[in-house]
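Bear in mind that the values in this text are calculations on the coordinates, not laboratory data. Note that the structure is predicted; figures quoted are calculated from it, not measured. Every residue, glycine as well, gets a Cβ built from its backbone with ideal geometry; the counts of neighbours run over all protein chains shown.
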Amino acid sequence: MKVLVPIKRVIDYNVKARVKSDNSDVDLTNVKMAMNPFCEIAIEEAIRLKEAGTATEVVAVTIGAKASQEQLRTALALGADKAIHIETDEKLESLHIAKLLAKIVEQETPELVILGKQSIDSDNNQTGQMLAALTNRGQGTFASKVVIENGKVNVTREVDGGLQTVALNLPAVVTTDLRLNEPRYASLPNIMKAKRKPLEVIAADSLGVDLTPRMQLISVEEPAKRTAGIIVEDVAQLVEKLKTEAKVI
Amino acid sequence: MKTLVIAEHDNGALKPETSKTINAAVKMGFSIDVLIAGNNLSAMSSQVASIDGVANVLVADNNVYEHQLAESMSDLVLSISDNYSHIVASATTTGKNFMPRVAALLDVAQISEIIAVVDADTFKRPIYAGNAIATVKSLDSKKVITVRASSFDLQGEQSAAAITSIDTVSDSQLSSFVSVEQTESERPELTAASVVISGGRGMQNGENFALLNGIADKLGAAIGASRAAVDAGFVPNDMQVGQTGKIVAPNLYIAVGISGAIQHLAGMKDSKVIVAINKDPDAPIFQVADYGLVADLFEVLPQLESAL
């Protein structure tokens, strides 16, 4: 079975985002970029399915500017068989991304699509669910366990207050949560090998998807800052302050 | 122009997120209907009807909706969506699951996890783990919106609104429920508690989280954890407070052995009062704490428990 893994190039998760001084957006000039952490988990899961003999082919796809090919090469180094780059310099919304991915699903006909549950830049948590809707597939979001058997995929989901397991007919869409697996690192020989793996480039505007913005970004601001308080001497003083000053206990 | 709010519940009880999401919907300025979908809902339906601001309660009471699977929920919402300009749900794991599906089926964008309503089309939402706040204006004629409940207040009560049942059932065959494993706890839920005490990597192991129990009992607190503690396997993920876990804003948040990574701060920095206990005086958590105690948590936790 073929597994498609859409991935995203985002700000490195160790880097603190800074707002531009004109409040128009976040400043990403010269900022270290990386594969979205949840996408790394998605790639890892797909590769494990291949190692287990369940998946036969893993295809990584990304949508973005030329530089996002870097993350596709990482996916290839980790074990993906081929990569597709849908090239665009536009800043697209989740709905556009889902529609472009639906075109790739149509072209590649994967039985399983595995994506990260959210990207750490826009924090939307939408693309997987939208893709499932547009391709009329069942969805298993926030997965902490994925088991494929008898033509179905059983997905254990991290939900508020516990875990929920659902069974989805294949083909299906799964989005990853943190504890699904621990992603591996790419080895140097695999990084070298990845350079020779196939990477197809498709222009986003050639796919017949309406990419008109549905949202307007009015402004981006720094969040209200908390000011550091005081350091208390001991537990007695802490309890005293909480009772008489903060009045919260 | 009318707003549809989808109620948040677990079949047993209505969640406070419902009232807070209605509070956000009130700020959008239109008449509000609430859809409640699940199994055996009569008691909860009347509870929803008495939340201030609700004009009509629509009840889809059928075992098909018991587990609120995204495929059937989105078909249900879609079937009544013509009547509404705004469709709003809480950004819980349930709302996050079915709402983007609704948006895609309506061919509109979703505005995720709003923390403020500027006007009927314009909203504020955190991006980059809360390191920036974006103001976005929807250009779609229909808005699909999820709400970060901790940023809104509970609504008051009113005399009961009309209750109507929806009898057509949309049973999507794409998915089916297998099982659920509820975390059993006598404590309040993290997102609803007025006091939260969380442990981080400094707790060293899962057993040591028991040190937080006595304090939580005395304060009526929920117990949370940092992502580091979850990743290290100390505690389950549903205890995680942070960008990728739960967002909390209690009156009092006590961070124990938590360094204060960006991801964690994103989940708790709107708390009214923050206390940090950490032996590292340079831990970033002290920059957001109202009261910091630089000490070994294993020494001070028992002291704190007996001092309360």
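Taking amide H atoms as placed 1.01 Å from N in the peptide plane, list the residues 5 or more away in sequence, or in a different chain, whose amide H sits under 5 Å from that of B:Ile114.
Amide H neighbours of B:Ile114, under 5 Å, 5+ apart: B:Thr146, B:Val147, B:Arg148.
Using a simple spin-label model with points 7 Å from Cα along the Cα→Cβ vector, what separation in nm is obtained for B:Asp82 and B:Asp296?
My value for the distance between the label points is 7.1 nm.
Could you tell me the distance between the Cα centroids of segment A:26-69 and segment A:113-136, to the nearest Å?
Answer, in whole Å: 14.
Which whole-Hz ³J(HN,Hα) couplings does segment B:210-215 yield from phi under the Karplus relation 6.51 cos²θ - 1.76 cosθ + 1.60, θ = phi - 60°, glycine and proline marked x?
Running phi through 6.51 cos²θ - 1.76 cosθ + 1.60 with θ = phi - 60° gives 4, 4, 7, 4, x, 5 Hz.
Leaving out same-chain residues fewer than 8 places away, which aspartates and glutamates sit with a Cα under 18 Å from that of B:Lys124?
Within reach: A:Asp22, A:Asp25, A:Glu93, A:Asp121, A:Asp123, A:Glu221, A:Glu222, B:Glu113, B:Asp140, B:Asp153, B:Asp270.
Which order do peptides A:42-49, A:190-197 fall in by mean Cβ count within 10 Å, highest first?
Answer by packing, highest mean first, reads A:42-49, A:190-197.
Expressed as a whole number of Å, what is the distance separating the alpha-carbon centroids of segment A:168-244 and segment B:1-56?
31 Å
For segment B:153-308, give the magnitude of the charge dipole about the Cα centre (Cβ charges: +1 Lys/Arg, -1 Asp/Glu; no others), in debye to the nearest 20.
The dipole of segment B:153-308 has a size of about 400 debye.
Longer than 20 Å from Cα to Cα, which of A:Lys8/A:Lys225; A:Lys8/A:Lys32; A:Lys66/A:Lys91; A:Lys91/B:Lys246; A:Lys20/A:Lys225; A:Lys50/A:Lys152 are they? Say none if no pair is.
The answer is A:Lys8/A:Lys225; A:Lys91/B:Lys246.
Mean separation of Cα pairs under 8 Å and 6+ residues apart, divided by the residue count of chain A: what relative contact order is that in percent?
23 percent
Explain nothing, just the number: relative contact order of chain B, from Cα pairs under 8 Å at least 6 residues apart, as a whole percent.
The value is 15 percent.
Could you give each residue of segment A:179-185 its phi-based ³J(HN,Hα) in whole Hz, using Karplus coefficients 6.51, -1.76, 1.60 with θ = phi - 60°, and x for Gly or Pro?
Each residue's phi maps through the Karplus curve to give 8, 4, 6, 10, x, 7, 9 Hz.
Given +1 on the Cβ of Lys and Arg, -1 on the Cβ of Asp and Glu, and no further charges, what dipole in debye does the protein assembly as shown carry about its Cα centre, rounded to the nearest 20?
Here the protein assembly as shown has a charge dipole of around 1180 debye.
With +1 assigned to the C-beta of every Lys and Arg and -1 to the C-beta of every Asp and Glu, and no other charges, what is the dipole magnitude of chain A about the Cα centre in debye, to the nearest 20?
Dipole magnitude for chain A comes out near 440 debye.
Which residue, chosen from A:Ala17, A:Ser187, A:Leu101, occupies the Cα position most advanced towards the positive end of the dipole of segment A:2-245, where the dipole is computed from +1 (Lys, Arg) and -1 (Asp, Glu) charges on Cβ about the Cα centre?
Value computed over the given set: A:Ser187.
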